[in-house]
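Below is one structure, written out as structure tokens; comments come after it.
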Amino acid sequence: MKKTCCQHQFVTPCTKKVPIFHSLSEEEMQKIADMAKHESFQKGSPVVQEGDSSQTLFIVNKGRVKVSKTTVDGKEQILHLLTCGEFFGELNLFNGSPSQSISVYALESTEICLLRKQDIDQVMEENPNIAFKLLETVTNRLAHTENLVQNLATKDPEVRLVHMILEFSEKFGTETEKGIEIDLTLSREEIANYIGVTRETISRKLSKFEDLNFITAIGNKQLIVKDIDLLEEYVI
């Protein structure tokens, strides 16, 4: 895949889209952007795979990706869904591991900016607050993973699906007159992998939520949440 400098490809440098860099000056952000390379990935393409050798910070400049691991029985467990301005690969910057512990796949046409460990180390030496913001992100993701594990272990499939819809509403939803519109980049099978149920269960529960007038499903690629408050009350 062709690699070029980030700023040559995009009007807005990817560093401006990442909250951990927001405290930097325009000059400092441009300096980091000058260090960055970028790659383009088509839908379904692997960005990184478990075991790959990499000590790079990957920034999503455009599109969405899924972060997953393979379970002991060979199934995919989706851990996170990341979109523009979010990043992954940060653990390898701190723990010194040369190989990736996760797999990341593009959910749609996606642009990724890449920053090498030595460049990030330099940036953090010059701007220590960035290291704290990276740590904050790692902590938040750990909390998300712990909640995911708890949901998979203790919640019934219906509650798991509601929590997923609420998460997608907050992260990917758009307010409209009809409700909160969510464009689903996950297939039914991927949704099932995310919350640990079967595809058939997903279809049944979505139909039930439609009957309850919580949501409207438009094909397999879009949901409209009609009343977010009712949906939240349903799992209290």
- [ ] Give region 87-108 a look and list any residue that's closer than 22 Å to Glu76 by Cβ and assigned to a helix (DSSP H, G or I), or say none.
- [x] Glu90, Leu91, Asn92
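State which residue is most open to solvent (accessible area, probe 1.4 Å) when the search covers only region 52-74 and only residues that are basic (Lys, Arg) and within 13 Å of Phe87 (Cα to Cα).
So in region 52-74, the residues basic (Lys, Arg) come out as 62, 64, 66, 69.
In the following step, the residues that additionally are within 13 Å of Phe87 (Cα to Cα) were identified as 62, 64, 66.
On the way: Lys62: 114, Arg64: 33, Lys66: 18 Å².
By that ranking, first place goes to Lys62.
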Task: Members of region 174-196 found to be open to solvent by 30 Å² or more (accessible area, probe 1.4 Å) and either in the same structural domain as Leu79 (by the TED database) or more than 18 Å from Lys43 (Cβ to Cβ) (or both), listed by number - done: Thr174, Glu175, Thr176, Glu177, Lys178, Glu181, Gly196
- [ ] Please list, ordered by first then second residue, the pairs with beta carbon atoms under 8 Å, 6 or more apart or interchain, first in region 71-97 and over 25 Å from Thr198 (Cα atoms) and of a type outside the set (S, T, N, Q), second at pLDDT 90 or above and open to solvent by 50 Å² or more (accessible area, probe 1.4 Å).
- [x] Cys84/Lys62
Task: Any hit, region 35-51, residues being buried (at least 20 other Cβ atoms within 10 Å of the Cβ) and in contact with a helix residue (DSSP H, G or I) (Cβ under 8 Å, 6 or more places away or on another chain) - done: yes
TODO: Within region 197-236, work out how many residues are open to solvent by 50 Å² or more (accessible area, probe 1.4 Å) and assigned to a strand (DSSP E or B).
DONE: 1
Open item on the list: Just to check your reading of the model, which residue among Ala131, Ala153 is over 15 Å from the mean Cα position of the chain (by Cα), buried (at least 16 other Cβ atoms within 10 Å of the Cβ) and part of a helix (DSSP H, G or I)?
Closed with: Ala131
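What do you reckon, is Leu186 assigned to a loop (DSSP other than H, G, I, E, B) and under 23 Å from the mean Cα position of the chain (by Cα)?
The answer is yes for Leu186.
The values are calculated or read from the model by the stated rules, or taken from the named source; none is laboratory data. From a predicted model like this one, the values you see are computed outputs, not experimental measurements. All Cβ positions, even for glycine, are placed from backbone atoms using ideal geometry, and neighbour counts span all protein chains on display. Keep in mind that these areas ignore ligands, DNA and RNA; they rest on the heavy atoms of the full protein, side chains included. Shrake-Rupley method; radii C 1.70, N 1.55, O 1.52, S 1.80 Å.
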